[in-house]
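The values are calculated or read from the model by the stated rules, or taken from the named source; none is laboratory data. As the structure is a prediction and not an experimental result, all values here were calculated from the model. Every residue, glycine as well, gets a Cβ built from its backbone with ideal geometry; the counts of neighbours run over all protein chains shown.
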Amino acid sequence: MKRVDDSLIIKCPRCGEECFKTQKKCLECGLIFERLNHVTNRAGKIAVVRREKENILKVTKWPQDVKKSKALLLCGFLGMVGAHNFYLGRYLKGFFSLIVTLVACVCIMLENVIDYSAFYSNFFFLPTGIMFFMWWIDFILIGINKYKIPVALDYLYPETPKKKNLKNKINNDNIITEKSEIQNKIEENNVINIQNIKNGDKKQ
Ligand SMILES: [Zn+2]
């Protein structure tokens, strides 16, 4: 039996079922492929924080609101504290790396106090080893576009009115301070003018 040409097949990003590219939705889990054009990492992060698992989709295709280059840089330079995980919304992985690195730093600072040949030092070396392993695996996965990024449909998580109000408020505050600066100048000028007039009066 002849195997179907691979170029005609895509893997469903939700359930992994092999589907034909001509299919509009996954027959296994019902995901409508067209919807993938309307997902963002911003919405995905909110869904992760709220633990709304049913809305989260993990994709390897880069969503429009995050950049691969930024993720690679963060991973390369700050990967040991999980910076790329926090950037892309993989918070649990991020916290693991952050805590392990902090503990490792404290252990290194206490070098003279801790006996590294003792059994308990495994509690230091093992997590640190796992963290380093995860760090470099992540770097490779991001590089070859295999890192799984949580996304959700953007309209499910509209920008909160609170955040919008805050943005407006900041803008208004700037306008107000600009206004008051102008008013101050006008007032200063008035004072100077009045003084000039008074001085003029004296000279006359
Ligand atoms: Zn599916």
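Here is how the numbers come out for the structure above:
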item: Residue that is nearest to residue 94 (Cα to Cα), among those in region 54-78 that are surrounded by fewer than 16 Cβ atoms within 10 Å (Cβ to Cβ) and within 16 Å of the ligand (Cβ to nearest atom); result: 58
item: Verdict on residue 94 being at positive phi and either within 16 Å of the ligand (Cβ to nearest atom) or surrounded by 15 or more Cβ atoms within 10 Å (Cβ to Cβ) (or both); result: no
item: Members of region 98-157 found to be hydrophobic (A, V, I, L, M, F, W, C) and within 30 Å of residue 35 (Cα to Cα), listed by number; result: 137, 139, 140, 141, 142, 144, 149, 151, 152, 153, 156
item: Residue match in region 154-161 (condition: modelled with pLDDT under 70 and under 32 Å from the mean Cα position of the chain (by Cα)); result: yes
item: Positions within region 35-53 being within 15 Å of the ligand (Cβ to nearest atom) and at pLDDT 90 or above, in sequence order; result: 39
item: Residues of region 97-139 satisfying the condition of being crowded, with 17+ Cβ neighbours inside 10 Å and among the charged types (D, E, K, R); result: 138
item: Selection within region 1-23 - in a loop (DSSP other than H, G, I, E, B), over 30 Å from the mean Cα position of the chain (by Cα) and within 15 Å of the ligand (Cβ to nearest atom); result: 21, 23
